[in-house]
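Below is one structure, written out as structure tokens; the observations come after it.
The values are calculated or read from the model by the stated rules, or taken from the named source; none is laboratory data. From a predicted model like this one, the values you see are computed outputs, not experimental measurements. Counting neighbours? That spans all protein chains shown, and the Cβs are built from the backbone with ideal geometry, glycine included. Please note that ligands, DNA and RNA were not included when accessible areas were found on the heavy atoms of the full protein model with its side chains. Shrake-Rupley method; radii C 1.70, N 1.55, O 1.52, S 1.80 Å.
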Amino acid sequence: MGITKTANFTEEQNELATLAKAIGHPARIAIIQHLIKVNSCICGDIVNELPLAQPTVSQHLKELKNAGLIKGNFEGNAICYCLDENGFNKIKHFFQHINNYLENKKEQCC
């Protein structure tokens, strides 16, 4: 079996790419913003907030969960979703690294 292109990059680079891809859709940004506003909620509540069908919202939730940005727990026969701090800490660390570079940059490039 051949090597995949992602094998040429570090684990951290692959993780960050997965996280970036997961937040690369406006519906997923809207879901994250809604979860920030309400702290946690059930899929049906998110469906009521977005102009999307329930199966579409479920697919976006699945992508966010697979990337490690949200987690879900069963409450009765529904799943209650909330943000997963671990995934967002990785994003935060990445952007802090960029911010530190920009703040300490001594000369212009290009």
For the range 63-85, name all the residues that are at pLDDT 95 or above and open to solvent by 100 Å² or more (accessible area, probe 1.4 Å). N66, E85
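Can you pull out the residues in the range 8-29 that are in a helix (DSSP H, G or I) and either under 13 Å from F94 (Cβ atoms) or open to solvent by less than 60 Å² (accessible area, probe 1.4 Å) (or both)? Can you show your working first?
First pass over the range 8-29, keeping only residues in a helix (DSSP H, G or I): 8, 11-22, 26-29.
Across the range 8-29, the qualifying residues are E12, Q13, N14, E15, L16, A17, T18, L19, A20, A22, A27, R28.
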Of the residues L50, L64, only one is more than 21 Å from I91 (Cα to Cα) and either among the aromatic types (F, W, Y) or touching a helix residue (DSSP H, G or I) at 6+ places or on another chain (Cβ under 9 Å) (or both); which? L50
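Return the only residue of I91, I46, I32 being touching a residue at least 60 places away in the same chain (Cβ under 8 Å), part of a helix (DSSP H, G or I) and open to solvent by less than 50 Å² (accessible area, probe 1.4 Å). Please lay out each step first, then the result.
Values: I46 fails: touching a residue at least 60 places away in the same chain (Cβ under 8 Å); I32 fails: touching a residue at least 60 places away in the same chain (Cβ under 8 Å).
One residue alone meets the criteria, I91.
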Inspect all residues belonging to the range 98-106 and state whether any of them is modelled with pLDDT under 95, assigned to a strand (DSSP E or B) and open to solvent by 80 Å² or more (accessible area, probe 1.4 Å). no
Taking C82 as the residue in question, decide whether it is touching a residue at least 12 places away in the same chain (Cβ under 8 Å) and either farther than 20 Å from Q13 by Cβ or part of a strand (DSSP E or B) (or both). yes
Quick check, is A53 more than 16 Å from S40 (Cβ to Cβ) and surrounded by fewer than 16 Cβ atoms within 10 Å (Cβ to Cβ)? yes
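Considering only the range 67-77, I want to know if a residue exists there that is part of a helix (DSSP H, G or I) and either in contact (Cβ under 8 Å) with a residue 60 or more places away in the chain or of a type in the set (S, T, Y) (or both).
Residues of the range 67-77 part of a helix (DSSP H, G or I): 67.
Still in the running and either in contact (Cβ under 8 Å) with a residue 60 or more places away in the chain or of a type in the set (S, T, Y) (or both): none.
No, the range 67-77 contains no residue that is part of a helix (DSSP H, G or I) and either in contact (Cβ under 8 Å) with a residue 60 or more places away in the chain or of a type in the set (S, T, Y) (or both).
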Which condition number in (1) without any contact (Cβ under 8 Å) to a residue 24 or more places away in the chain; (2) in a loop (DSSP other than H, G, I, E, B) is the one that L52 fails? (1)
